[in-house]
1. So, in Å, what gap is there between the alpha-carbon centers of segment 40-85 and segment 11-25?
2. Place a point 7 Å from Cα of R116 in the direction of its Cβ. Which residues in segment 80-98 have their backbone N less than 19 Å from it?
3. Efficiency by 1/(1 + (r/R0)^6): what FRET value for K108 and A63, r their Cβ-Cβ distance, R0 = 25 Å, to the nearest 0.05?
Amino acid sequence: MTRRDIEDRADCERLVRAFYGRALEDPLIGWIFVDVAKLDLEAHVPTIASFWETVLLGARSYAGGAFRPHAVLHAKAGLRAAHFERWLVLWRATVDELFAGERAELAKSHATRVARAFHGRLQPLPSPAQGAPGGLSITLRGS
Ligand code: HEM
Ligand code: HEM
C-alpha cells in the first residue's frame, strides 16, 4: 500500500498515538513520560493532536504554551540533547512509517526546529544530574 499524506485530525491522532507507542517504551526517553511526567496518554493525545493539526493543517485548535511543560520536566529530570535527538529519531521513523508527502515532511522539519529551540532555551536553566539510559536515574543527595 502506498503511503499517503497527513490529511485530517484523525491522521494527526494516529501519528501521535503511534509515536507514543514507541516513546513510552524507549529505553532512553520512556522513563521521562512514564516515571517523571506520569503521563495520562488519553488526556495528552488530544492536546498533541491539536498541536499538529495547527502546525500541519492550519486548524488553530492548539492554544500555545508548548515550552512550559518541558521546562518543568527539565527542572525535574534534566532534558539533554540526547533525549531530544532520540525523540526526533522516533518521531521521524513514525512519520515515515505511516505517511509520505508535503505535510509529512513538514511534521519532521517542524519537530526538528521545535526540538532545537526547546533544547536551546532549556540548556541555561538549572536541572538535576543526568538520568542514565535504561530507566535508572541517578540522584545526588547530601553535601
Ligand atoms: C504554518 C506554519 C507554522 C505553524 C502553524 C507553526 C506552529 C507552531 C506552534 C503552534 C508552535 C508552538 C508554540 C507554543 O506553544 O508557544 C510552534 C513552535 C515553533 N515553531 Fe512553528 N509553526 C509554523 C512554521 C514555522 C516555521 C516556518 C519555523 C521556522 C523557520 C518555525 C519554528 C518554530 C520554532 C523554533 C518553535 C519553538 C519556539 C519555542 O522556543 O517555543 N515554525 N510553531
Ligand atoms: C526529550 C524530548 C521531549 C520529551 C521528554 C517530552 C515530553 C513531554 C511531556 C511529558 C509532556 C506532557 C507534559 C505535561 O502535560 O505534564 C509534553 C507535552 C508536549 N510536548 Fe513534549 N517532549 C519532548 C519534546 C517535544 C518536541 C520536540 C515537541 C514538538 C515538536 C513537543 C511537543 C509537545 C507539546 C505540543 C506538548 C503539549 C504542551 C501543552 O500541554 O500544551 N515535545 N512533552
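1. About 13 Å separates the Cα centre of segment 40-85 from the one of segment 11-25.
2. Those under the cut-off are 80-93.
3. Efficiency, from the Cβ-Cβ distance: 0.60.
Where a number appears in this text, it was derived from the coordinates with a stated rule and is not lab data. Keep in mind that this is a model prediction, so the values were computed, not measured. Counting neighbours? That spans all protein chains shown, and the Cβs are built from the backbone with ideal geometry, glycine included.
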